[in-house]
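Peer 1: Starting off with a structure, shown below.
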Amino acid sequence: MLELHMFPMSHFNEKVRWALDYKDIPHTRIPYMPGPHAGKNKKLSGQEQTPVVRFDEGDVLAGSTDIVLELEKRFPEPALLPQDEKLRGQAMEIVEQFDGDIAVKERRSLFVHLIEEPDYLCAMFSRGQTPMKRFVYRRMLPLVKGTMRSKMDIHADALEEGNILTREAFDFVAEKSAETGYLVGGQFTIADLTAAAILAPSVEVPHPDMQKPTPVVPRVQAYLDQFADHPGAAWVRSMYRKHRVPLKAAA
Ligand SMILES: N[C@@H](CCC(=O)N[C@@H](CS)C(=O)NCC(=O)O)C(=O)O
């Protein structure tokens with residue numbers, strides 16, 4: 001069976017979970033915790049980042065958009081790419097835009113809060129692990145705080161920079177979807193999937209894969225509250241309600 005090697009609560013990983021569920025592709029999910037994942041993932045795919053998919057016949061592919069496009073080739077229905085070439089180009093432009101600076105800087109803003117809340121960070125990223133692994137992970141977190149800071153380039157202006165860019169991204173989806181409810185061609189495409197998944201960490205969305213552990217700690221709640229009433233956040237929630245089908249994979 002197709003395997004998804006992934007982090008829980010990660011927007012790049014969420015893109016692939018969403019595509020797999022949307023296309024009703026049977027798969028197994030192998031959850032990793034950020035940090036301890038590196039060795040195993042490198043051995044599997046030659047690089048450290050998740051998501052990684054291993055197809056039934058053994059082919060291994062990393063990179064969320066490459067994976068979604070490969071799924072589209074292998075499982076064309078329901079389609080995520082518009083038929084029309086021009087619309088396809090527009091959709092892929094939006095995908096690139098969200099996969100780039102928006103995804104990276106939004107994540108960094110959230111991590112400015114999360115690295116100060118190791119219990120909460122641990123609850124978020126050790127989902128699906130054994131109690132022993134969760135315990136060890138929690139003990140390890142203070143030791144890797146510096147590494148996380150430098151790996152994600154968390155500097156003095158990171159929070160503000162990420163907040164501004166995330167708000168602009170919410171403005172963009174609200175404006176772009178105002179007429180039809182969708183970003184391109186009046187129908188759900190890879191552009192909507194990508195933008196909604198990438199923005200999901202900043203919204204309380206109605207799907208267990210991206211729901212934050214509760215109770216949400218005050219500083220993360222304050223982070224979420226700043227966008228909660230934005231029409232772009234309402235659009236993300238609507239994409240989840242309309243197009244993010246319930247979990248089927250064995251987690
Ligand atoms: N461009 C990649 C980015 C993937 C990415 O940033 N993955 C993060 C999780 S959201 C990761 O695995 N970080 C751990 C690491 O870099 O070792 C994609 O689209 O899949």
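Peer 1: Looking only at residues in the range 1-27 that are among the aliphatic types (A, V, I, L, M) and assigned to a loop (DSSP other than H, G, I, E, B), which one is farthest from the ligand (Cβ to nearest atom)?
Peer 2: For the range 1-27, the residue satisfying everything is Met1.
Peer 1: Residue by residue through the range 28-62, note down the ones that are assigned to a loop (DSSP other than H, G, I, E, B), more than 10 Å from the ligand (Cβ to nearest atom) and either exposed (fewer than 13 other Cβ atoms within 10 Å of the Cβ) or modelled with pLDDT of 95 or more (or both).
Peer 2: Result: Gly46, Phe55, Asp56, Glu57, Gly58, Asp59.
Peer 1: Could we say that Gln187 is assigned to a loop (DSSP other than H, G, I, E, B) and buried (at least 18 other Cβ atoms within 10 Å of the Cβ) here?
Peer 2: For Gln187, the condition - assigned to a loop (DSSP other than H, G, I, E, B) and buried (at least 18 other Cβ atoms within 10 Å of the Cβ) - is not met.
Peer 1: Assess whether Val68 counts as being outside any strand (DSSP E or B) and under 24 Å from Val104 (Cβ atoms).
Peer 2: Spelling it out, Val68 is indeed outside any strand (DSSP E or B) and under 24 Å from Val104 (Cβ atoms).
Peer 1: Tell me which residues, restricted to the range 152-167, are of a type outside the set (A, V, I, L, M, F, W, C), over 22 Å from the mean Cα position of the chain (by Cα) and farther than 28 Å from Trp235 by Cβ.
Peer 2: Within the range 152-167, just His155 meets the criteria.
Peer 1: Something else: Only residues that are surrounded by fewer than 24 Cβ atoms within 10 Å (Cβ to Cβ) and of a type in the set (Gly, Ala, Ser): list them for the range 192-231, please.
Peer 2: Matches in the range 192-231: Ala222, Ala228.
Peer 1: Of the residues that sit in the range 93-107 and are within 11 Å of the ligand (Cβ to nearest atom) and closer than 26 Å to Arg149 by Cβ, which one is surrounded by the most Cβ atoms within 10 Å (Cβ to Cβ)?
Peer 2: Phe98
Peer 1: Something else now. Do we have Pro78 as surrounded by fewer than 18 Cβ atoms within 10 Å (Cβ to Cβ), over 23 Å from Leu121 (Cβ atoms) and out of contact with any Leu (no Cβ under 9 Å at 6 or more places or on another chain) here?
Peer 2: The answer is yes for Pro78.
Peer 1: Now a separate question. So, Gln90, is that one assigned to a helix (DSSP H, G or I), away from the ligand (no atom under 16 Å from the Cβ) and not charged (D, E, K, R) or not?
Peer 2: Judged against the criteria, Gln90 is a match.
Peer 1: Give the residue, chosen from Arg139, Arg149, Arg127, that is within 15 Å of the ligand (Cβ to nearest atom) and either over 20 Å from the mean Cα position of the chain (by Cα) or assigned to a loop (DSSP other than H, G, I, E, B) (or both).
Peer 2: Every option except Arg127 fails the conditions.
Peer 1: Sticking with this structure for a sec: Residues of the range 148-167 being touching a residue at least 24 places away in the same chain (Cβ under 8 Å) and of a type outside the set (A, V, I, L, M), which ones?
Peer 2: Arg149, Asp153, Glu161, Gly162, Asn163, Thr166, Arg167
The values are calculated or read from the model by the stated rules, or taken from the named source; none is laboratory data. No experiment lies behind these values; they were computed from the predicted model shown. No Cβ is skipped: glycine too gets one built from the backbone with ideal geometry, and neighbour counts run over all protein chains shown.
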